[in-house]
Amino acid sequence: MTTSGNASLFHGVPDWVYEEEVFASDHTLWWSPDSSKIAFLELDETAVPEFSFPIYNPTDSNDAIIPYTHDVVMKYPKPGYPNPLASVHVFDLTGYLVRGSTSESAAAESTLTLDWNGRHFSNDSIIQDVTWVGNATLVLKEVNRNANDGSVVLFDLDTSNSLRDNGRVVRKLGKDGEQGDDGWIDHVRNFFWFGRNVTVCYRNKLSSLFLAPEH
């Protein structure tokens, strides 16, 4: 699917921030309900500074005497320093197989880079949620780093005809939208796929009904 990954550029797996603080998961990829597509994050932590800390006992024995520490070095963004840059992509597995080629160009032609109007600059963007609400319908939630401005964005991938698919902002979050105060946007994951003939709601509000494509 991808060929550009390295020690600082991840596809479908999180860096420290996204694993511990955002998704609480060891993966950042999501299959569509019919398994025809895979949504995944690309995380670039090239600009994230390194942090080192000592391990005093790297063994499983509490009684071990280790005269020298072992240093661990990792990319770790502290407040005010660069976060990893996140982008959202969708790999069309069905289209890839139809093309009948395993070349890099075929993989690139089968991959969408998602975009939307009003998106925050990449150095001020956190992708908090990515959920399929249909076989070709995707919802994501983005906030800025201060978590006081954000959007819920809906993508209908059946209508996409380019490598950059523009989504539609369906909910505005933060001071100028919902949760309109001086606090931060709640970090909760609210989207779920319920299958055929079931309405998918966000926070159970009537104004935010999403219907699965089977309707």
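Couple of notes before you dig in:
- Some residue of the range 49-67 being closer than 18 Å to ASP124 by Cα and free of Cβ contacts under 8 Å to residues at least 40 places away in the same chain: yes
- Any hit, the range 56-67, residues being exposed (fewer than 11 other Cβ atoms within 10 Å of the Cβ), modelled with pLDDT under 95, touching a Ser or Thr at 6+ places or on another chain (Cβ under 7 Å) and not small (Gly, Ala, Ser): yes
- Residues that are closer than 26 Å to PRO82 by Cβ, among the small types (Gly, Ala, Ser) and in a loop (DSSP other than H, G, I, E, B) within the range 20-46 comprise ALA24, SER25, listed in sequence order.
- Identity of the residue in the range 1-27, touching a residue at least 60 places away in the same chain (Cβ under 8 Å) and hydroxyl-bearing (Ser, Thr, Tyr), that ends up surrounded by the fewest Cβ atoms within 10 Å (Cβ to Cβ): THR3
- Every residue from the range 29-46 that is surrounded by 11 or more Cβ atoms within 10 Å (Cβ to Cβ) and without any contact (Cβ under 8 Å) to a residue 60 or more places away in the chain: LEU29, ILE38, PHE40, GLU42, LEU43, ASP44, GLU45, THR46
- Hey, LEU97 assigned to a strand (DSSP E or B) and not polar (S, T, N, Q) or not: no
- Residue match in the range 16-33 (condition: over 22 Å from ASP129 (Cα atoms) and touching a helix residue (DSSP H, G or I) at 6+ places or on another chain (Cβ under 8 Å)): no
The values are calculated or read from the model by the stated rules, or taken from the named source; none is laboratory data. If you're wondering where the values come from, they're calculated on a predicted model, not measured in any experiment. For neighbour counting, all protein chains shown are included, and Cβ atoms are generated from backbone atoms with ideal geometry for every residue, glycine included.
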